[in-house]
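Asks: Pasting a structure below so you can have a look.
Readers should treat all values here as calculations from the given coordinates under stated rules, not as data from a laboratory. Since the structure is predicted, the reported quantities are computational estimates derived from the model, not experimental observations. Every residue, glycine as well, gets a Cβ built from its backbone with ideal geometry; the counts of neighbours run over all protein chains shown.
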């Protein structure tokens, strides 16, 4: 059974381009460390324009847990520190969805 792990954040006005530059580096790290390719979506209609979400598809919860275990890499702490100025405090959250069909 597949799962979608969605990480959502709100970004201060005028900071998206800077955020995307760090996320590009993060996704390159993820590719090198076995994370699935992220799908990046941005709020447009009916969602705050400040909202940025990355979605990752995993074939199982075990795969998701294995990916999260890789977050102990010291490079992740560097990304966390670099991305922090572009995230509204209190807005980050993970949501996990079970895929039904397709």
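Asks: Mind giving me the FRET efficiency for residue 76 and residue 99? R0 is 35 Å, r the Cβ-Cβ distance, nearest 0.05 is fine.
Replies: In this case the efficiency is close to 0.85.
Asks: Let me ask you something else. Does the range 3-98 come out rounded, prolate or oblate, given a ≥ b ≥ c as the square roots of the eigenvalues of its C-alpha gyration tensor, rounded meaning a/c under 1.5 and, failing that, prolate meaning a/b above b/c?
Replies: Oblate shape, in that a/c is at least 1.5 and b/c is the bigger or equal ratio.
Asks: For residue 1 and residue 50 in one chain, what is 0.36 nm times their gap in residues minus the Cα-Cα distance, to one decimal in nm?
Replies: Gain in length upon complete extension: 14.5 nm.
Asks: Measure out, as a whole number of angstrom, how far apart the alpha-carbon centroids of the range 75-102 and the range 1-61 sit.
Replies: Each part reduced to its Cα centre gives a spacing of 7 Å.
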